[in-house]
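Asks: Sharing a structure with you now.
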Amino acid sequence: MSTPPLSDLPIRRLTPRDLTACADLSEDRGWPREEHKWGLLLAAGTGYGIDDPDGGLVSACVVTDYGPPNRPALSAIGMVLVAERHARRGIGRRLMQYVAEQADTTPLTLHATPYGRPLYEGLGFKVTGRAEMVRGHFTPGGAPSVATRAATAEDLSAMLRLDAEVFGLDRTHVLTRLPAFADQLRVAEDGGELIGFAAAWPNMDTHVIGPLIARDTGTAKALVTSLAAGMDRPLRTDIDVRHEELLAWIKARGVESQAFNAVMTYGAPELPGDWTRRFAPLTVAAG
């Protein structure tokens, strides 16, 4: 029996049971396996994939919806991968077109690498921002000017209120997974008011800081400093390039620039919320 052409292979929903196959696909393309991150994305979002008749996945991606349940106001696309043996045959475009059809009128966003950007531009995505990935061993310098502490269960409602204001949409279904997903979750306060929060979660040989939500740059610095103090691995985060002061500060402490990603949107001129208080995403794969 002959193998069906790639264009005839069905696209299906992925589930957490597909985690190993997704990690295998990452490894196939030279990415880290990132099983911890895949687990979160497949639980909080919707995965789409194409099964390879010879085993494994031909392609995969994950879509994370934000806003009212069943009526999302924004969908973030991430982890778009095509197996090396099937690359450059239109599979990525087909999967993206399918995701866009499923989204209907819901605006889309994604972080594109320089390699992936031409595909998304060809599908109508526009560049609306940039994020800089930085990585390294953080060297502290001076005492933070803002008090931070470990988050508790009692902080959750205030965190969700602040996040909805800053992110612009409800992402309760993602943030409520942070205590189990992250190794550290800290909040910043001023006079008893919660003015920022951030998490550090394990990803291969690094700890990723994200999300990073803060009233101002000083608060963001305090949260980064407090999280870095509890790390035993290099720090990694993806900072909106408009936050020039934070980027200059973190680079002065041993954390180096690694790459730039284009923040792209489809169906919306820009992302909702208040970028001045949104310093870094939970992960670029989830917007």
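Asks: Starting from the 7 Å offset along Cα-to-Cβ, what nm value, one decimal, do you get for the label separation of GLN258 and THR128?
Replies: 2.6
Asks: Take the Cα coordinates of the range 73-184, assign each an equal point scatterer, and use the Debye formula without solvent to give log10 I(q)/I(0) at q = 0.09, 0.11, 0.16, 0.21 Å⁻¹.
Replies: Log-scaled intensity ratios, in q order: -0.41, -0.60, -1.03, -1.26.
Asks: Antiparallel DSSP bridges in the range 49-154: what percent, to the nearest 5?
Replies: Counting DSSP beta bridges with both partners in the range 49-154, the antiparallel share is about 75 percent.
Asks: How much length is gained on full extension from GLU245 to ASP205, taking 0.36 nm per residue of separation minus their Cα-Cα distance?
Replies: Length difference between fully extended and current span is 11.7 nm.
Asks: A further question on this structure: Roughly how many percent of the accessible protein surface of the range 196-287 is carbon and sulfur, given a 1.4 Å probe and a whole-percent answer?
Replies: The C+S portion of the solvent-accessible surface of the range 196-287 is 49 percent.
Asks: I've got another one for you. Report, ordered by chain and residue number, the aspartates and glutamates lying within cross-link reach of LYS37, taken as a straight Cα distance under 16 Å and ignoring same-chain residues fewer than 8 apart.
Replies: ASP18, ASP24, GLU27, ASP183, ASP205, ASP238
Asks: Shape of the range 4-72 from its Cα gyration tensor (a ≥ b ≥ c, root eigenvalues): rounded if a/c is under 1.5, otherwise prolate when a/b > b/c, or oblate?
Replies: It comes out oblate by the Cα gyration axes.
Asks: From the C-alpha coordinates alone, can you work out the Kirkwood hydrodynamic radius of the range 208-286, in Å?
Replies: For the range 208-286, the Kirkwood estimate is 13.4 Å.
Asks: Could you state, as a whole-number percent, how many of the C-alpha pairs of the range 128-287 are farther apart than 18 Å?
Replies: In whole percent, the share of Cα-Cα pairs in the range 128-287 beyond 18 Å is 55.
Asks: Now a separate question. I'd like the distance separating the alpha-carbon centroids of the range 53-117 and the range 212-240, in whole Å.
Replies: The distance from the Cα centre of the range 53-117 to that of the range 212-240 comes to 29 Å.
Asks: Calculate how steeply helix 91-103 sits against the longest principal axis of the alpha-carbon atoms of the chain, using the helix alpha-carbon long axis, and give the answer as 0 to 90 degrees to the nearest 10.
Replies: 70
Asks: To the nearest 10 degrees, how steep is helix 217-229 against the longest Cα principal axis of the chain, on a 0 to 90 scale?
Replies: The answer is roughly 80 degrees.
Asks: Take peptides 139-149, 47-57, 205-215 and line them up by average Cβ neighbours within 10 Å, highest first, as a rough protection proxy.
Replies: Ranking the peptides 139-149, 47-57, 205-215 by packing returns 205-215, 47-57, 139-149.
Asks: Straight-line reach only, C-alpha to C-alpha below 12 angstrom: list the aspartates and glutamates that LYS221 could link to, leaving out same-chain residues fewer than 8 apart.
Replies: Result set, ordered by chain and number: GLU245.
Asks: Can you figure out the FRET efficiency of ALA143 with ASN70, using R₀ = 51 Å and their beta-carbon distance, to the nearest 0.05?
Replies: So the FRET efficiency works out to roughly 0.60.
The values are calculated or read from the model by the stated rules, or taken from the named source; none is laboratory data. Everything numeric in this text was worked out from a predicted model, so none of it was measured. For neighbour counting, all protein chains shown are included, and Cβ atoms are generated from backbone atoms with ideal geometry for every residue, glycine included. The accessibility values were calculated without ligands, DNA or RNA, using every heavy atom of the protein model including side chains. Shrake-Rupley method; radii C 1.70, N 1.55, O 1.52, S 1.80 Å.
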